[in-house]
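Following: one structure in structure tokens, then a few remarks.
The values are calculated or read from the model by the stated rules, or taken from the named source; none is laboratory data. Quick caveat, the model's predicted, so the values are computed rather than measured. Note: ideal-geometry Cβ built from the backbone for every residue, glycine included; neighbour counts use all protein chains shown. Please note that ligands, DNA and RNA were not included when accessible areas were found on the heavy atoms of the full protein model with its side chains. Shrake-Rupley method; radii C 1.70, N 1.55, O 1.52, S 1.80 Å.
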Amino acid sequence: MRQSRKLDHIKYSLALADGPGLSGFSDISLVHNCLPNLGWEEINISSSIAGIYINNPLIINAITGGAHDVTAVNEQIAEFACHTHSAMAVGSQYAALEDPEVLQSYRVVREKNPSGIIFANLGAYATPRQAQLAVEMIDAQAIQIHLNVAQELIMTEGDRNFSGYLANIAKIVESVSVPVIVKEVGCGIAKEQAKLLAATGIKAIDVGGMGGTNFLAIEAARSKLNLYPETLSWGIPTAISAIEIMSVLPKHMDMMVSGGIRTALEVIKSLALGGSAVGMATPVIRILQEKDMEFAVSWFNNLLHEIRCYMLLSGAASIKDLSKVPVVISGYTKDWLAARGIDTTQYGIRK
Ligand SMILES: Cc1cc2nc3c(=O)[nH]c(=O)nc-3n(C[C@H](O)[C@H](O)[C@H](O)COP(=O)(O)O)c2cc1C
């Protein structure tokens, strides 16, 4: 069952469009700087997440593993990560903890990218021992713990008990040998839960907001369920969730922004909202499935080129500098944040 689910996830993530809920980035604008006082060579796109240095801020987010048929997909993603010097995460490793036959579908990632930054991935129900095994399985530098309550509820075979997650995450943090990153998978994280998660000792939060790959739609398609657009739009738009998280995130923690990041400008907006990195899943798998490696690498390098252009146009020499450039927040996002007691004017008057 789990193996065919992995294949379905890839199939439907490619077949379905983003949304219908929006990521909220159209409400975010950066202010042009006509006197950047910077040269192209001064632009530095390196960053760090959970204390780990990354060459560029684009992280290939968790996608797959756990079935023989996805070994080749993971091999391709790992080669792409290696060619682009990007960090990547594997998909949930629970399958390999249950069935050693599918271990190779994950291990191939480390084999193809021996010195790369690779994140392990498990659900919040995992035991600390399982989390450590997942890390060792691929010699990971960090582990992502995913939260996906809405997806589980739509899945006929999904979990129905979500209690004890917070305490379990704290136990994982205590016993695992690498930093822990908690991520959503498309419904975002509100400030109340971000605060609770921060107190567990995790090192970073990955927004996983609404507006990109929609696991409610994917699971509905798998189960041939016809859901209303309003149900499929359950969640917090990525841009809004990022601002909610930043409003409570302690200084020693990092935020990764993901969920519908598709363009260089969305990357820049995410970093300007305080992200140290961004995550992308479906665009990477789509380009690797539809084009060849050379095309995919040049698409990625173009994104990095555009990111440098926008940094220069904003007067930001580094990713840290981007979090100080003025950002105008308007429309629905501004209304939402006002209703949530978050002051958006501070973003517009940054110096
Ligand atoms: C085919 C597929 C499988 C995924 N499997 C996992 C997974 O096992 N664990 C996880 O944390 N996220 C998983 N995700 C979610 C992504 O990591 C990411 O949070 C989500 O797709 C939103 O990013 P995007 O809009 O750039 O695709 C998967 C995504 C895709 C497309």
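For residue 63, list long-range residues whose amide hydrogen, built 1.01 Å from N in the peptide plane, is under 5 Å from its own amide hydrogen.
91
With +1 assigned to the C-beta of every Lys and Arg and -1 to the C-beta of every Asp and Glu, and no other charges, what is the dipole magnitude of the chain about the Cα centre in debye, to the nearest 20?
For the chain, the charge dipole is close to 620 debye.
Using a 1.4 Å probe and counting only protein heavy atoms, arrange 271, 7, 196 so the residue with the most accessible area comes first.
So, going from the largest accessible area down, we get 196, 7, 271.
Modelling each spin label as a point 7 Å along the Cα-to-Cβ direction, I'd like the residue 167/residue 69 distance in nm, to one decimal.
Using points 7 Å along Cα→Cβ, the separation is 4.0 nm.
As a test of reading the structure, rank 27, 69 by solvent-accessible area (1.4 Å probe, protein chains only), most first.
The ordering from most to least exposed comes out as 69, 27.
Specify the angular offset, from 0 to 90 degrees and rounded to the nearest 10, of the alpha carbon long axis of helix 165-175 from the longest principal axis of the alpha carbons in the chain.
For helix 165-175, the angle is close to 90 degrees.
Using the beta-carbon distance between residue 99 and residue 330 and R0 = 35 Å, what value does 1/(1 + (r/R0)^6) give for FRET efficiency, to the nearest 0.05?
0.10
Just for the chain, what percent of DSSP beta bridges are antiparallel, to the closest 5?
Taking every DSSP beta bridge within the chain, about 20 percent pair in antiparallel fashion.
Return the ratio Rg/(2.2 N^0.38 Å) for the chain, where Rg is computed over Cα atoms only.
The chain yields a ratio of 0.94.
I'd like the Karplus ³J(HN,Hα) series for segment 53-62: coefficients 6.51, -1.76, 1.60, θ = phi - 60°, whole numbers in Hz, and an x wherever there's a Gly or Pro.
5, 10, 4, 8, x, 8, 10, 7, 6, 3
With contacts defined as alpha carbon pairs under 8 Å and 6 or more residues apart, what's the relative contact order of the chain in percent?
It comes to 23 percent, rounded to a whole number.
For every other residue with a beta carbon closer than 13 angstrom to the beta carbon of residue 223, add +1 if it is Lys or Arg and -1 if Asp or Glu, then tell me the sum.
For residues surrounding residue 223, the net value is -1.
For segment 149-156, what does the Karplus curve 6.51 cos²θ - 1.76 cosθ + 1.60, with θ = phi - 60°, yield as ³J(HN,Hα) per residue in whole Hz, taken in order and with x for Gly and Pro?
4, 4, 4, 4, 5, 7, 6, 4
Top to bottom by accessible area (1.4 Å), largest first, where do 2, 160 land?
From most accessible down to least: 160, 2.
Per 5 Å bin from zero, what fraction in whole % of the C-alpha pairs of segment 96-184 is there, up to the bin with the longest pair?
That works out to 3, 14, 23, 22, 20, 13, 5, 1, in percent per bin.
Nearest 10 degrees, 0 to 90: what angle lies between the long axis of helix 71-84 and the longest principal axis of the chain (Cα atoms)?
The angle comes out at about 30 degrees.
Mind pulling the per residue volume of the convex hull built on the Cα atoms of segment 235-285? Å³ is fine.
In segment 235-285, the Cα convex hull volume per residue is 74 Å³.
Under a 1.4 Å probe, what is the accessible area of the chain per residue, stated in Å²?
43
Once all Cα-Cα distances of segment 1-95 are split into 10 Å bins that start at 0, what whole-number percent is in each one?
Taking all Cα pairs of segment 1-95, the binned fractions are 12, 28, 32, 19, 7, 1 percent.
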